[in-house]
1. Please report how far the C-alpha centroid of the stretch 30-97 lies from that of the stretch 246-298, rounded to the nearest whole angstrom.
2. Can you give the angle from 0 to 90° between the axis of helix 2-22 and the longest principal axis of the chain, with both taken from C-alpha atoms, to the nearest 10?
3. For Asp78, which sequence-distant residues (separation of 5 or more, or a different chain) have an amide H within less than 5 Å of its own amide H, given hydrogens modelled in the peptide plane?
4. Calculate the spin-label point distance for Gln171 paired with Lys211, positioning each point 7 Å from the Cα along the beta-carbon direction, and give it in nanometres.
5. Taking each pair of different alpha-carbon atoms in the stretch 92-178 once, compute 1/r for the pair, average those values, and report the inverse of that mean as the Kirkwood hydrodynamic radius in Å to one decimal.
6. According to the square roots a ≥ b ≥ c of the eigenvalues of the Cα gyration tensor, what is the shape class of the stretch 36-121, taking rounded for a/c under 1.5, prolate for a/b larger than b/c otherwise, and oblate for the remainder?
7. Spelling out what I want: for every residue of the stretch 326-343, take phi, set θ = phi - 60°, compute 6.51 cos²θ - 1.76 cosθ + 1.60 (Karplus), and round to whole Hz; glycine and proline get x.
8. Using unit Cβ charges (K, R positive; D, E negative) and no other charged atoms, how large, in debye to the nearest 20, is the dipole of the stretch 186-343 about its Cα centre?
Amino acid sequence: MQNRMEGRMKVGIILASALCLSAPSFAGKTLDAVKKRGHVRCGVSNGLPGFSSPDSKGKWKGLDVDACHAFAAAIFGDKDKMKVIGLSAQQRFTALQSGEVDVLTRNTTHTLSRDTSLGLNFAPVNYYDGQGFLVRKSLGVKSAKGLNGAAICVLQGTTTERNLADYFRSQKMKFKPVVMENDNELWKAFMAGRCDVFTTDASGLAAHRSKVKNSKDLIILPEVISKEPLAPVVRHDDDQWFDIISWSIRALIAAEELGITSRNVDRMKKSDNPDIKRLLGVLPGNGKSLGLSEKWAYNIVKQVGNYGESFERHVGAKTPLRLERGLNQLWTKGGIMYAAPLK
C-alpha cells in the first residue's frame, strides 16, 4: 500500500512539474522595465533613408522605425510610445548587450556567429538583402568583375568587409580597401573621390544614392555577392521579450497575407475567417500567450499598417529609393516573406 501511494505521489510530482514547464511565464524582465519606463527603446541606423532617418522636423521615419512603432503599438496600444537611438555598426551590439536599447531594429544581418557568440536572438527577417557595389557611371564599369585593382570604400567591423574580401579572393582579383567606422563618413569619402566603389547592402546603396541630386550618375552593379537577412535583434536572456518582438514582425506580414490594411482593419474584424479573427483578437488567446492585450496585433495594423504598406511607404518603387519588392514580396506572389501561423 505504501509503495502504491509513493508511486502515485511520484506521478503527481512529475505531472505538476510538466504543467509548470508547459505553462507560459510572464516574468519577463524586459517587458516589465519597458512598461515601467513608459516606452520601448530601439537602436537604429544613424540616418539611413528609407530605413531610419529623421525628417525635416526631426521625426524619425523608415521601415526599421515602423518596426519599432509596431512593438510600441503591441505593448502600449500607442505606436508613439517608443524612442529611437541612432547607433553606428560598432556601437549597436554593445548598446543592446548593456541594456541601453531594448531591441535593435537596425539593418543587422543574422549570422551564426552573432547568434551564438554575442548572446543574441534574431527575430524574423524584416528585409531580405544582399551586398552590392555602387560606382560612378563615368568609371565605365558594368560588372563587379571589372573592379580588379579598384579602391573600395567599406565599413569596418561588418559582414560587408568580410564578404568583400571573400568575393575578390574567389574571383582572383585585388582591391584597395578604404575602411572607416562611420557609414556617413565613408559615403562622404566616396563622393569626394577617395575610392572608386562604395559597397554595402543593396538597400543601403539605394538609400545613399537617394541623397544625391545627380543620382542617375551613380549605378548599382548587377552582382549581389552575399545573403543579408536583416532582422530585429534582442538579448538571449528573455524569452517572453523575444516572443513579443518576433510575433510583432509576423503580425505585420500575416496582415498583408490576409489582406488586412490600416484602412480596412475595423471592417475586417467582422470577417468570418478564423485566422483574421485570431489575428485581430476577436477570437482571444494570442494576446494572453504573449502577456499582452488581445488587441496587440489589431493595434499594430491599425496604427502602423501591414508589411506591404510600410515597405511601399518608405522604400518602394514610388519612393526615392525605388526598390522593388523582390524577395520581400509575399510567398504567394513570388517572394519569400512568410509568417508562421498566429494560432
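1. 22 Å
2. 40 degrees
3. Ala73
4. Going by the 7 Å Cα→Cβ label model, 2.5 nm.
5. Details: mean 1/r = 0.0650 Å⁻¹.
The answer is 15.4 Å.
6. On the way: a/c = 1.92, a/b = 1.32, b/c = 1.45.
Oblate, since a/c reaches 1.5 and b/c is not below a/b.
7. x, 4, 7, 6, 4, 4, 6, 10, x, x, 10, 6, 8, 9, 4, x, 8, 8
8. Numbers: 24 positive and 18 negative charges, 126 e Å.
Once rounded to the nearest 20, the dipole reads 600 debye.
The values are calculated or read from the model by the stated rules, or taken from the named source; none is laboratory data. Note that this is a predicted model, so its numbers are computed, not measured. Cβ atoms come from the backbone with ideal geometry, glycine included; neighbour counts cover every protein chain shown. Remember, those area values only see protein heavy atoms, side chains included, never the ligands or the DNA or RNA. Shrake-Rupley method; radii C 1.70, N 1.55, O 1.52, S 1.80 Å.
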